[in-house]
Each structure stands twice: as C-alpha cells, then as structure tokens.
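The values are calculated or read from the model by the stated rules, or taken from the named source; none is laboratory data. Please read these numbers as outputs of a predicted model, since none were measured by experiment. A quick note on method: Cβ atoms are made from the backbone with ideal geometry, for glycine too, and the neighbour counts reach across all protein chains shown.
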Amino acid sequence: MTTTETTSGSKVLGQRVLRREDPKLLTGEAKFSDDLDIPGALHMAVLRSTVAHARITSIDTSAAKSRPGVVAVYTYDDLKDDWAGPMPCAWPVTADMKNPAHFPLANGKVNYVGDGVAVVLAHSKTAAVDALEAIEVGYEELDPVLDLEESLADSNVIHSEIGTNLSYTWELIPNKEAVDDAFAKAAYTVSERYIQQRLVPSAMEPRAVVVVPAPFGGDYTVYSATQVPHILKVMLALTVGVSETKLRVVAPSVGGGFGSKLNVYAEEVLALALARKLRRPVRWTEERSENAVATIHGRGQIQNIELAADADGKVTAVRVNLVADMGAYLQLVTPGIPLLGAFLYHGVYDIPNYSFTCRSVFTNKTPTDAYRGAGRPEATYAIERAMDALARKVGVSAVEIRKRNFIPTEKFPYNSAAGLVFDSGDYLTNFNKALDMMGMDELLAEKKLRIDAGSRKLLGIGISFFVEMCGLAPSRVLASLNYGAGGWEAATVRILPTSKIQVVTGTAPHGQGHETAWSMIVAEKLGVPLADIEVLHSDTAIAPYGMDTYGSRSLAVGGSAIHIATERVLDKAKAIAAHQLEVAEEDLDYAEGVFTVKGSPDRAFPLAAAALEAFTAHNLPDGMEPNLEASVSWDPPNFTFPYGSHIAVVEVDTETGKVDLVRYQAVDDCGNRVNPLIIEGQVHGGIAQGVAQALFEEASYDSAGNLISATLADYLVPSAAELPSFELGETVTPSPTNPLGVKGIGEAGTIASTPAVMNAIVDALSHLGIENIEMPASPERVWRAISAATRK
Amino acid sequence: MFPSTFDYVRAGSVAEAISILDGSDDAKLIAGGHSLLPLMKLRLAAPSTLVDIGRLSELNYIEDRGDHVAIGALTRHRDLETSAVLKHSVPILSHVAGEVGDPAVRHRGTIGGSIAHGDGASDLPAAVLALDATMVVRSASGERTVPAANFFKGFLETDLGQGEVLTEIRVPKVSGGWAYKKFNRRAQDWAIVGVAVVRNGSTRISLVNMGSTPLRASASENAINQGASIEEAANLASEGIDPPSDLNASAEYRRHLASVLVRRALQEASA
C-alpha cells in the first residue's frame, strides 16, 4: 500500500491523504475526557444492581458516607426532585408505544444487572469505588424475563405500570393480499429463523464525563466521550432542567463509539445534576467491566423471514416477522433500531411484494440501542442467508440466484416495494468484478476436491451482496418515522484576514478522520494547501448547530454542507475580485487560490487578497456585508444507498468444529471516493466487527440474568491474528442525492461481513445436510452440528 | 477495575522476600503481575502486601547443566521463547512460552510466576508437567525440590507454603519427539484444551484446562507406553478426568477435543 502526502491542488479528492488526526493520537498529545485535569473535581462511582430483577427493600448508605474521602452518597429518593424529566427516548416509533419512565437511579426496583442503585462522590476515584462496597442493598428477587418469546407471552411483566412487556408493534405491509397471493402461487418458498445475538460494543475508550460549573453565571461545561454533543446538550437541558443557553458540551478526542456513544446516559445526567447540587466539578470514567453491563448492547433479535419464488427462482415476495429485544428500558433511540432495517429486507433484489412486522419487547437485560449498522446488518443478514437457502432449494448456485434477482441497473432510481427510492446502482457490474477478483472457479474446484478426498478441512465460500440506507437523513422522512429530530447538517466556512480557513462542522468525529476529509473537500474547491485549513468540531460553543455523527451520515450530509458553504464563500470572493479588477464575475477564472481575468491571465487577484478586503471592508461592492464567511444547513433530499459484494472463504475443521477465515474480499461501491485510505480503514474495521458477530462475540447470560461474558477475557473481540489480510476492490456509482456524489462507508463492512462468513460456513457443510448454525459459530456449535448431521 | 488497598515492597534479594513473606499472613509475591493483578482488579484477590521480586536478576537465567537445563524463576516468557539453549535442548518449552498470551504478556510474565500461580488453564504448568521438571523451592529453613507431578495441588493451589519462594525450574533435556497442541478461539487466549507430549524414552502427555490443575493423561500414556496405537491411546485421553464446562466449551466437548488433540500431538511427536 502506498501513501502520499498531498498538500494542495485541484485534485485532492480521491488521494490517499494521510490522516492529519493521527500524529496527536499516536504521540499522546490528544486529550480524552479522562485525561482532563480538573482541580477539585469530585469522583463519581455508581453502585450497580447485582441481580436482574428485584424489588429494593432497603438501601443503607450510612457506612459508605462515613468512609474517608467520601463527600456524598445518593439514592433515587435523595435525588427525585433534581430531575426535569425522565431519561430521554427520542424515537417514539408509534403513537401507542409503551415507554416506562426511568431515572438515572433505580426507583424501588432494579430491572437488569448493572442498573444504577446509588451514587458516591468522593475526593478520589479509589475512595469512591471502595465506598461502593460499604453500601448495603436489600433485594427481594423476582423471576427475570430473559427470553424474547417468553417476554412476548406476558406471563411475567417487568414494568407493571404499562401492564405488558410489548413496547410496540410496527408494521410495513403495503399490500397484504398481494403478499399472501405471491406465497400461494409460489413454486418455491423458504422459511428461515435466525437469531441475532446480543453484542457488547467495545470501544477502545470507555465512556467518560466531566462536568465543570463556571465560576459565575450558572453555566456548565460538559466534557463527554460522546458521538452526539449537540443532541446531548438538548437532552441534558430537558432532563436536568438547566437552560440550554447555560450548557456547553464538548466531546474531546473520543476513542470510538460504534453507536454506543450515540446516547444520553445516566452517568452524564447524574454528573450534571450533582455538579449543580454541590457546585463542584464532577467526573466519572467507566470501568471496562462496567462497560459490559452499563453501556448499551447491540442487536438482540429473533428474525423469521420467508421468501416466495417462482419456478425460475425469481423472488416474488418477502415476509418478515421480528421480535426485537429492547432490554430493560428504552434508551435514546432504542425503539428505532429495527426500523432502520425495516425497509431493507428485500436487499438488492427486485422483489415486488413486501411485508414487515416488528414486535419489540422488554427483558431484564441491559438496554439495547444503536450498534454499527443498527438494523441494517440484521436485515442484510436475514435476506442474504435466506437467498442462499432459496438457492439450495431451487438447485442453483449462490451466484446464480443473486444474478436472477438483482434490481436491474436500468430501474434506477428504483422505487422499492418497501417505499424507498434507491438512488443509484449497478449491482451486476460490481458482482462480476468481485467474482473475477476472487477466482471463483478455482475455489469451487478446491472445495470439491477436499470433499472428494475426505479432507478434515472443508472449504466454504460465502457471498453477501449488501445495500444499506445511510446519509441519515431527509428530515421529512425522519418525521414520518416519528424520529425526534431532523437529519440536516450545519457547516460554516470562514476565510480569515490572514487567509487561513476555519471550517466549522456539526459532525462529531470519534475516529472517522473528519478533520482530514473535510479539509480535502475545502482544498479541492479552493485550491489552497490543506495546512491552511482548520476543522473545528465537537464543541457546542464553537459549532452551535449540528446533528452529530452516526449512521454513515457525516460525509454525505455534513461533507455536502461544507462543500456548499465553500462554494458560497468562493462566490463572495469572486464578487470582491471582480469589483477590485473592475470586470464582470463571469469574466473571471479561478485556480490554485487566484482569480484571473479570462484572456488576460496577468490580471490576477488572489483569494487571500479577497479575504483581507472582506475583513477591512474598505472597498467592497455596494451592499456587500464584510467578512468572508458562509453558513449552511443542508437537508438531504434522500438517503444514499451504498452497496457491494463481499465474499468470505472459510476452512472448517470437521474434527474440532473450528472455523478459520482464510480469505475475505470486499468490493464496495460508496459512490465518489474522497480519501481511499480512510475508506479502506473503515472497511477493514467494519469487516472485523461483522466477522466478530459471526465467529466470536456474544453477550451470554446465565439463567439468573447475569452477564457471564462480562470481561474481555470472556467476550471475544477478535484481533488481527484471527483475521486474514482483506482483499479490497471498488466500483464507483456516484450518488445523485448530494453534490459530492458520495454514499458513506462507515458501516458497510459490518453490514456485509456477518452473512458472508455464515454463508461460507453453511456452504462448507451443506453437503452434510447442515443449513444453519447459530452465531457466533463457536467451535463447539459447529462440532455439534457436524456430529448431529453425520449421525443421521 | 481498581484493586483493594495494599502495601507494596520491592525486595532487594530472595532472602529479603522470604523474610517479608514470613512476617505476613497473606503477603503475595509479584513478578510480571499478569496473573495476580487481574484477580486483584476484579477484587477476587486482596493481599495486604505485594512483595515485588520482578527485578531480581539473580533469578533470571537459563543454564545448560549437562543432563538438564536450569531456569531461574524470574525468566520472562520472551526469554524462554528466544533461548538458544532451550531451542536446542528443550525445544518444547521454548515453543510453549511463545504460545502464552500475547507479546505484551510474554515480555512481562515469568515462568516462575506462571508455575507458582498453578492455573490449570495455563500453558507452562502443563509443559513442565509433561517434561517431568523439578521445582526448586527456597525458604528461611533452606532449599527443597519438588517434582512437577507433586507440585500442583488444586485450583490455583500449589505445594508452595507461605514463606516459600519458587527459585528455579530444572528441566530434563528432551531427546525424542515432542508436540504442543493449543486449541483456542483467539491467539491471545488461554487454551480451551491444550495437550503437551514429550517422548523421552517413555511418553508423557499432559493436558491444559481439563481440570483445576494441569493433568497427566495417564490412561493415554499407559496405553501408548504399552504399545497401543495412537488412535487407541488418544481415545483414552480424558479417562478418569472430569473437565470443566464454561462459555467456550462443555465438558463433553472438552473430552472430545482432548482425544483429537492427543491424537494429533502423538502423531506430530512421532513423525
């Protein structure tokens, strides 16, 4: 791999520009929330429930209060007047959705292991943690509700005030009769049941928050390891009852989030309320073992998917019934996660009839919420696994079944049966490129050879062709889904008197490389050196407007806003230059930071001079405001729809059941490519995270509701040693949705890779009659499946 | 992940470490800290005093002593992994050390620390068991030796008393074949099941994570030493053994793995 440092020029986009974020991250200069040195800060520690479901009969904090270094200990009762509202849920997906109110500390009842019961403030972290051990809590234990289908039965209701475990039922069934008719007339049907296990998002930096009251004026600065400083500011104001004008939220360097930091957490709310109560800075950093139970989990669904197909294997209808695990409470966007997949269960296939139903239930487990891909990995998994099942039934290959069903290129923009308009795509071209790169014929021959030779290392080839909706989102569409905010993004581009450029963005990067990519967008347009551009972000005092970073939205929406703001600044500079040169604007060319008169290139006016003119305002065109700055809030007209072919090759040891991923190839189409280096980084990490779900990771609970995979020794996050070198390719189909023609890449690898790996495992074993293995495909699970199949 | 409060003393010599241990009910030695500190952070262990012997260079050596190799207890895994003496005379130990944890662990962890911790899921205790190594133990009353077969007593329990320090591991040189099969899901993990085979005249087979201590696969050993086929011997791998069930493997699956891995290890050691 080659890397180049490109500094300027009109061809910045598409270059492998080294990330300008990295030097300070690699040298330790970057500051994370826990690094902030705040004199006099009190350290907070949270006592967490050790039982999954219980009434609290007593809490004795007296011994903890008298321990050295302890300043205060509070329970729900002590703080019940400190809240302006319960913990926020911003996505009430239906009008009748049940959302039991919950507060930062448990009110008389705990509902999962990890639920906050009491909070300690002390002069040191260790004093606070030691004091937790001195708090005595009496529990009257109740049977926990752990299984999703048992929860649906309502024989044991967790939140008695709502009288049911069902939070909501959400349907997308444009024409039920047509779906039923398609199934009645089908030559082939498949009916599959898949389990999306719970996953524990394991960002390298755990959560952390520091709240600092201003010395006067009643203002607070909240430093938080969050993906969503803007959303957090609004929600803290509403929950704690501090005027939004008094709050400044800053996300310092943030070490990954994967959706888990797209939230408003009890500890953030507590830290602000307690800083207000005690008029002292309050800080809290999550311990790694707390992260396993107190940060949201991802996935957690039972998926029933049925396909109807005609005699040629052409799919005529898809019908999906989900049961989704909300966990104990609804967090910020918990109920909306299944909806982000709800429109994509037909995948990349031209399926005319569509039926989707989701029932979402409470359980006595950690709340779920967004986790990389959020709804879309689940949808892709179900359709891509089911297409393989259909191929086996029809008696054609996994390649052929897909080719027969792709949305044809000429149908773009494509009106899907689920009601979306897919922006652009050329699936067959992408697929053919992937198959060529992979050398499918040789692989298939090798696979057959091993079966024939009775090898104990079988080969499996798994295909996953994914499409996702990202670039969240047109605000009116979000309104139709009852989402509590818009999907626009804000940008300001400002050329200062010395011609240095400030770019202010409402996105909140936490590893994505926005400082690099946003600089490139501006440099491309203005033809100035990257080093002259500074990107400011993640501080609501500097960037008051923003919708933050999640859902692969930042480039498509935030990057577009910057592109448009840059154009406006350039237009204004052009007007200044034309005024100075006494020519019409249309008589000017612009390149490399200099305006020139067409036909008279010696008559020039630099952008830097326009910036100074705008600042001094000594000689501006009549009516022009001083300063060279433009602010844009851009609302996208549609989602974007990245896609791609992912192919996994596994070796299955039939004696031990161990699966080795031996090759992995991804050919992604994310539209125009701003920085291939960043794209490849996103794809690599995304693949690893999706492979992790297929082979390694699972939030495992015992029958009492204890998370038993609660350490990184037991929760198997894979490392480079478990993964092959990824083989990457691309096709480029620009999106017509935004001026950059980009689609988004942050979640693609995660969305595509899980079904690719699972299809590969089933492919290796299907000649034994094996059609499904639950995730993660641990050696024991695979061994048991092989044992059962070969005993038949 | 904060341990309970404890005192910390850095010992300047083995003798000083012994005298501190003798003066305390529950002081613990710490060398690399890669076994003890995680337990302390989870508050599963809370010794009042840690006696740091990690920097005692007097216990950091690998010496050829004719029929055996003597290894100082504070020799790091990384030094075992790269030792020319071990690679020549006890290659299995060098290989097994390279299978422990990840590079960070191998640069900090010590052979004595691993063996004194006595974890049935660790690699090196099983290796010294298969090698029939001898442990040298020092205390205020002098020095004694304990064969590996008598050293591991129970779950994280060894023959070491409170005032005793494991100072040296004496490992017989290996003349025949050997193999180490470590089965895990991630490279850095403990073995789900591991098998060490050493053919030094007779064949010794030890098992990792098949019980609360490293274990000898006695039935397999007896069978192979009495002329049974590798397949027959391997099928007896877990005879008389009651393996644990955990997130990674049920007892039934562990028994199956033990047979597969013993067979593969015997085949490799015989090749």
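The table for this structure:
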quantity: Hits in segment A:9-33 - residues which are of a type in the set (D, E) and farther than 15 Å from A:I678 by Cα; calculated: A:E29
quantity: Strands (runs of 3 or more DSSP E) wholly inside segment B:118-183 containing at least 1 residues that are buried (at least 19 other Cβ atoms within 10 Å of the Cβ); calculated: B:134-139, B:152-154, B:165-172, B:178-183
quantity: Inter-residue pairs, beta-carbon under 6 Å, first of a type in the set (D, E) and in segment A:541-570, second surrounded by 22 or more Cβ atoms within 10 Å (Cβ to Cβ) and in a helix (DSSP H, G or I), 6+ apart; calculated: A:D548/A:H230; A:D548/A:I231
quantity: Leading residue by the ranking (nearest to the other protein chains (Cβ to nearest Cβ)) among those in segment B:1-54 that are of a type in the set (G, A, S) and assigned to a helix (DSSP H, G or I); calculated: B:A17
quantity: Any hit, segment A:745-765, residues being touching a Leu at 6+ places or on another chain (Cβ under 9 Å) and farther than 29 Å from A:K393 by Cα; calculated: yes
quantity: Some residue of segment A:211-219 being outside any helix (DSSP H, G or I), within 30 Å of A:P509 (Cβ to Cβ) and among the acidic types (D, E); calculated: yes
quantity: Residue in segment A:451-467 that is assigned to a helix (DSSP H, G or I) and closer than 30 Å to A:T654 by Cα present; calculated: yes
quantity: Test: residue in segment A:693-710 that is assigned to a helix (DSSP H, G or I), among the small types (G, A, S) and within 14 Å of another protein chain (Cβ to nearest Cβ); calculated: yes
quantity: In segment A:190-206, the residues that are buried (at least 17 other Cβ atoms within 10 Å of the Cβ) and within 30 Å of A:T94 (Cβ to Cβ); calculated: A:V190, A:E192, A:Y194, A:Q196, A:Q197, A:R198, A:L199, A:V200, A:P201
quantity: Top-ranked residue of segment A:642-660 - restricted to ones that are within 14 Å of another protein chain (Cβ to nearest Cβ) and hydroxyl-bearing (S, T, Y), ranked as surrounded by the most Cβ atoms within 10 Å (Cβ to Cβ); calculated: A:T656
quantity: Residues (assigned to a loop (DSSP other than H, G, I, E, B), among the hydrophobic types (A, V, I, L, M, F, W, C) and within 26 Å of the chain's Cα centre (by Cα)) located in segment A:23-62; calculated: A:A30
quantity: Pairs, first touching a residue at least 60 places away in the same chain (Cβ under 8 Å) in segment B:206-229, second assigned to a loop (DSSP other than H, G, I, E, B) and of a type in the set (S, T, Y), C-beta under 9 Å, six or more apart; calculated: B:L207/B:S238; B:V208/B:S122; B:N209/B:S122; B:M210/B:S238; B:P214/B:S122
quantity: Scan of segment A:133-152 for residues that are under 19 Å from B:F2 (Cα atoms) and either more than 14 Å from chain B (Cβ to nearest Cβ) or surrounded by fewer than 18 Cβ atoms within 10 Å (Cβ to Cβ) (or both), ordered by number; calculated: A:E133, A:I135
quantity: Test: residue in segment A:719-726 that is more than 14 Å from every other protein chain (Cβ to nearest Cβ) and under 23 Å from the mean Cα position of the chain (by Cα); calculated: yes
quantity: Matching entry among A:P144, A:P88 (being closer than 20 Å to A:V293 by Cα, touching a helix residue (DSSP H, G or I) at 6+ places or on another chain (Cβ under 6 Å) and assigned to a loop (DSSP other than H, G, I, E, B)); calculated: A:P88
quantity: Qualifying positions in segment B:184-202 - surrounded by 24 or more Cβ atoms within 10 Å (Cβ to Cβ) and more than 14 Å from chain A (Cβ to nearest Cβ); calculated: B:A196, B:V197, B:V198
quantity: Qualifying residue in segment B:207-214 (condition: surrounded by fewer than 23 Cβ atoms within 10 Å (Cβ to Cβ), over 21 Å from A:T656 (Cα atoms) and polar (S, T, N, Q)); calculated: yes
quantity: Residues (more than 23 Å from A:L232 (Cα to Cα) and either free of Cβ contacts under 8 Å to residues at least 60 places away in the same chain or of a type outside the set (A, V, I, L, M, F, W, C) (or both)) located in segment A:99-116; calculated: A:N107, A:G108, A:K109, A:N111, A:Y112
quantity: Test set (1) farther than 30 Å from A:N432 by Cβ; (2) in contact with a Pro (Cβ under 6 Å, 6 or more places away or on another chain) - A:S709 fails condition number; calculated: (2)
quantity: Matching option when the condition is over 17 Å from the mean Cα position of the chain (by Cα) and among the small types (G, A, S), among A:G327, A:G341, A:G300; calculated: A:G327
quantity: Total residues in segment B:247-258, condition in a loop (DSSP other than H, G, I, E, B), at pLDDT 95 or above and surrounded by fewer than 22 Cβ atoms within 10 Å (Cβ to Cβ); calculated: 1
quantity: Among (1) within 14 Å of another protein chain (Cβ to nearest Cβ); (2) touching a strand residue (DSSP E or B) at 6+ places or on another chain (Cβ under 7 Å); (3) under 21 Å from B:V9 (Cβ atoms) - the single one B:L59 does not satisfy; calculated: (1)
quantity: Residues of segment A:138-174 classified as touching a Ser or Thr at 6+ places or on another chain (Cβ under 9 Å), under 30 Å from A:S58 (Cβ atoms) and not acidic (D, E), total; calculated: 9
quantity: Residue under evaluation A:S703, criteria (1) small (G, A, S); (2) farther than 20 Å from A:E384 by Cβ; (3) touching a strand residue (DSSP E or B) at 6+ places or on another chain (Cβ under 6 Å), criterion not met; calculated: (3)
quantity: Test: residue in segment A:689-704 that is in contact (Cβ under 8 Å) with a residue 12 or more places away in the chain, surrounded by fewer than 22 Cβ atoms within 10 Å (Cβ to Cβ), out of contact with any Pro (no Cβ under 8 Å at 6 or more places or on another chain) and not hydroxyl-bearing (S, T, Y); calculated: no
quantity: Residue count for segment A:740-791, restricted to those that are part of a loop (DSSP other than H, G, I, E, B) and either within 14 Å of chain B (Cβ to nearest Cβ) or over 30 Å from A:W634 (Cα atoms) (or both); calculated: 10
quantity: Evaluation of B:D246 against (1) touching a residue at least 24 places away in the same chain (Cβ under 8 Å); (2) closer than 28 Å to A:Y715 by Cα; (3) within 13 Å of chain A (Cβ to nearest Cβ) (one fails), failing number; calculated: (1)
quantity: Qualifying strands (runs of 3 or more DSSP E) (wholly inside segment A:576-633; at least 1 residues being small (G, A, S) and either modelled with pLDDT of 95 or more or over 30 Å from A:A556 (Cα atoms) (or both)); calculated: A:600-606
quantity: Filter result (within 10 Å of the chain's Cα centre (by Cα) and among the aliphatic types (A, V, I, L, M)) within segment B:101-129; calculated: B:I111, B:I115, B:A116, B:A121, B:L124, B:A126, B:A127, B:V128, B:L129
